[in-house]
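Data first, discussion second: the structure below is written as structure tokens.
The values are calculated or read from the model by the stated rules, or taken from the named source; none is laboratory data. On a predicted model such as this, the values are computed, not experimentally measured, just so you know. We place every Cβ from the backbone using ideal geometry, glycine too, and count neighbours over all the protein chains shown.
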Amino acid sequence: MKLQTNASCSSRRPVVYAEVIGNIAVVTSAGGAPVRLKDVATVAYGAEPKLGDALIMGKPGVLFTLKTQYGANTMDVTKLLEAAIEDLKPLLDRQGITYYLKLHRPASFIETSLAHIRGSLLLGAALVAVVLFIFLGHIRTALISLAAIPLSLLGAIIVMDRLGVSLNTITLGGLAIAIGEVVDDAIIDVENIVRRLRENATLAQPAPPSA
């Protein structure tokens, strides 16, 4: 049996020497002497074992994955990585290597989520305007609710930017849920205000609207 250690260690990871691994005690013999790993196996430097195979367009290939570290911006890292790959394009072309940037791209999920949010905003604004105009019959009321949706989202994005919170799949999902709550609150609150103003107008002595 032959054990291999990965010799290409990064600067952040401590180097583990083959001699150190070989001296690890596996079991203690009946006489009390330890049986070390180097006694039952050959510990040597070598390439890291392959974890699996990748097929790209039906042909063997290499799949690179991007994992986001805490505090990193997925969009910025992806753009920098794509720019670095573009710089290597002449070398890859000379060696006959074809690369596909869209196979496993975390930034694509964020871009898709942003597109969905834009569509949801437009659809939500249209539905709120139609519902309020039908049930309340008041254009001004519909405009107030329409203004509340983008202003609320803009305020949330400004606060996130000030706090250094980046846009990712989790924050975009939270914004999508918050938009639904804003639409619901806008309909209920505005309808309640309009109803109370109408009831106040029917009184013999209407109170001031500010009261």
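The table that follows gives values for the structure above.
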quantity: Of all residues in region 120-144 being among the β-branched types (V, I, T) and surrounded by 15 or more Cβ atoms within 10 Å (Cβ to Cβ), the one that is nearest to the chain's Cα centre (by Cα); calculated: V128
quantity: Near pairs, Cβ below 8 angstrom, 6+ apart or cross-chain, from region 171-184 (at negative phi and of a type outside the set (A, V, I, L, M, F, W, C)) to any residue that is outside any helix (DSSP H, G or I) and surrounded by fewer than 16 Cβ atoms within 10 Å (Cβ to Cβ); calculated: T171/V165
quantity: Only one of I158, I117, I97 that is surrounded by fewer than 14 Cβ atoms within 10 Å (Cβ to Cβ), farther than 30 Å from V62 by Cα and β-branched (V, I, T); calculated: I158
quantity: Near pairs, Cβ below 8 angstrom, 6+ apart or cross-chain, from region 89-109 (among the hydrophobic types (A, V, I, L, M, F, W, C)) to any residue that is assigned to a loop (DSSP other than H, G, I, E, B) and at pLDDT 80 or above; calculated: L92/T98
quantity: Hits in region 128-151 (condition: assigned to a helix (DSSP H, G or I) and without any contact (Cβ under 8 Å) to a residue 24 or more places away in the chain); calculated: A129, V130, F133, I134, I139, R140, A142, L143, L146, A147, L151
quantity: Tally, over region 179-189, of residues that are over 14 Å from R118 (Cα atoms) and surrounded by 12 or more Cβ atoms within 10 Å (Cβ to Cβ); calculated: 6
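Every residue, every condition in (1) surrounded by 11 or more Cβ atoms within 10 Å (Cβ to Cβ); (2) on the phi > 0 side of the Ramachandran plot; (3) part of a strand (DSSP E or B); (4) modelled with pLDDT of 80 or more, yes or no:
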position	(1), (2), (3), (4)
Q4	yes, no, yes, no
V16	yes, no, no, no
G31	no, no, no, no
V43	yes, no, yes, yes
G71	no, yes, no, no
K79	yes, no, no, yes
A83	no, no, no, yes
L91	no, no, no, yes
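Here is a yes/no grid of residues against (1) among the charged types (D, E, K, R); (2) closer than 30 Å to T68 by Cβ; (3) assigned to a loop (DSSP other than H, G, I, E, B):
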residue: I158; (1), (2), (3): no, yes, no
residue: V165; (1), (2), (3): no, yes, yes
residue: L172; (1), (2), (3): no, yes, no
residue: D185; (1), (2), (3): yes, no, no
residue: L197; (1), (2), (3): no, no, no
residue: N200; (1), (2), (3): no, no, no
